[in-house]
Amino acid sequence: MSKKKEIPVQFFLPIGGGLVNQCCFVSEDELEEKDPAARLPALLDRAAAGELSARTLSRFRDELLREAVRSDRAEALARLLPKKRMEPQRFAALLSFAESCRSPDAAAVLLAYRRAHYTTTEFDALEQRELDRELGLCAPDESELRRLFRLRYLKEGVCICGARETQRSYGIPAAIGGRPVVGVDAAAFYTPDAMPCVSRAFAADLRAPSIEGDSFLLGRAMEKRGCAETPLAWRVLRREEGRALAVCERAVAVLPYHGELREVTWESCDLRHWLNGVFLPLCFTAAERERILPAAVETPDNCNFGTPGGARTEDYLFLPSAEEASALFKSDAERALGQWWWLRTPGFDNTFAATVTPDGAVVRIGSFVDTDDYAVRPAMWVKL
């Protein structure tokens, strides 16, 4: 039983067409675990004072360590570092993070910890291997990949379900432990704070199929998290000389238009950077990417509210605009996915983005850009 004091939490219940003010009491342990990220500075203060519960400290030690490094709080960092030495790779990542944050006091604490817990040859060998891997001189072994990624083993092969730690770049191998990588959860690499650079080696880099008729297959992605990838079907909406505009027949992920609620346009939103910087290299082979044409994407202002659409961009993958969704689909039934999905047109203002309802109706007033349960249905121009 936790000895932490209970804190009153206020909430409102809708009763009889009105709101009734209610209050309940929860322990500090429960409150810490409900929303630790939003309270990291406060949690770090309590950890430095030795007031944090053991359960919360154990569960969120990595986040607190990084917060201590980011804010260059050497005293808090020294208290948070475990007495039993950390795994060398995990400690090396924390030390590299301190150097990138330019946190001199935190770096001094980490260097002292390194001298106390690791031999020089052990750490030098680790750093040399990391350098060799960055230069492409050696591939990460399975233990390193298990440290980097959350893996799920299926009958067909290995599925990468997400990253264990935040890094600026990821190299996804074609096989792990002799088993092919049959799925990568692209949505797990949606990190608005610092969108990662990703690359992927495919088990078989086949030639892209010819594009004929009203639909074709190109690329692959998960339908459900933790499952093997399936081919993506694309519907041709418009043909021009030598090229065609196509839209994906299904959702490729469920993500917010932008990671935080603020004014954005298609040019600056996180979803645009994720589609072209993460989804494109993860879900299409090199041969398939050659069939996708870079397009000059104009985002019109919202015709109902006058909300500016922003500057023109050049993208390989993009979301349809409200005008394209209205004109190029023959009916609401053709637009319908059975779930809400995003359009790139701004909504009521630039904190909103236009959407399509589960039944296929275009909603120009839109929804808040940080809504996180709307589907992503990309479009692209391809060579014929």
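Residues in the stretch 261-315 that are in a loop (DSSP other than H, G, I, E, B), small (Gly, Ala, Ser) and at negative phi: SER268, GLY309, ALA311. Return yes or no: is VAL254 in contact with a strand residue (DSSP E or B) (Cβ under 9 Å, 6 or more places away or on another chain), among the β-branched types (Val, Ile, Thr) and surrounded by fewer than 22 Cβ atoms within 10 Å (Cβ to Cβ)? So VAL254 fits the description; yes.
No other residue among ALA322, ALA327, ALA295, ALA336 is surrounded by 14 or more Cβ atoms within 10 Å (Cβ to Cβ), more than 26 Å from PRO231 (Cβ to Cβ) and among the hydrophobic types (A, V, I, L, M, F, W, C) apart from ALA322. Once the stretch 339-363 is narrowed to residues that are out of contact with any strand residue (DSSP E or B) (no Cβ under 8 Å at 6 or more places or on another chain) and in contact (Cβ under 8 Å) with a residue 60 or more places away in the chain, the residue that is surrounded by the fewest Cβ atoms within 10 Å (Cβ to Cβ) is ASP349.
Look through the stretch 132-162, keep the residues that are in a loop (DSSP other than H, G, I, E, B) and within 24 Å of the chain's Cα centre (by Cα), and return whichever of them is modelled with the lowest pLDDT.
PRO140
In this structure, GLU267 does satisfy being in the same structural domain as THR371 (by TED's automatic domain parsing) and touching a Gly at 6+ places or on another chain (Cβ under 8 Å).
Would you say PRO378 is touching a strand residue (DSSP E or B) at 6+ places or on another chain (Cβ under 7 Å) and closer than 28 Å to SER169 by Cβ? Judged against the criteria, PRO378 is a match. In the stretch 207-228, the residues that are over 15 Å from VAL247 (Cα atoms) reach residues that are of a type in the set (A, V, I, L, M, F, W, C) and not in a strand (DSSP E or B) with C-beta atoms within less than 7 angstrom, at least six apart or across chains, in these pairs: ARG207/ALA287; ALA208/ALA287; ALA228/LEU154. Residue-level analysis places GLU165 outside the set of residues that are of a type in the set (Asp, Glu), assigned to a loop (DSSP other than H, G, I, E, B) and modelled with pLDDT of 80 or more.
When ASP332, ASP349, ASP315, ASP301 are screened for being in the same structural domain as PHE368 (by TED's automatic domain parsing) and in contact with a helix residue (DSSP H, G or I) (Cβ under 6 Å, 6 or more places away or on another chain), only ASP315 passes.
The values are calculated or read from the model by the stated rules, or taken from the named source; none is laboratory data. Note that this is a predicted model, so its numbers are computed, not measured. All Cβ positions, glycine included, derive from the backbone under ideal geometry; neighbour counts span all protein chains shown.
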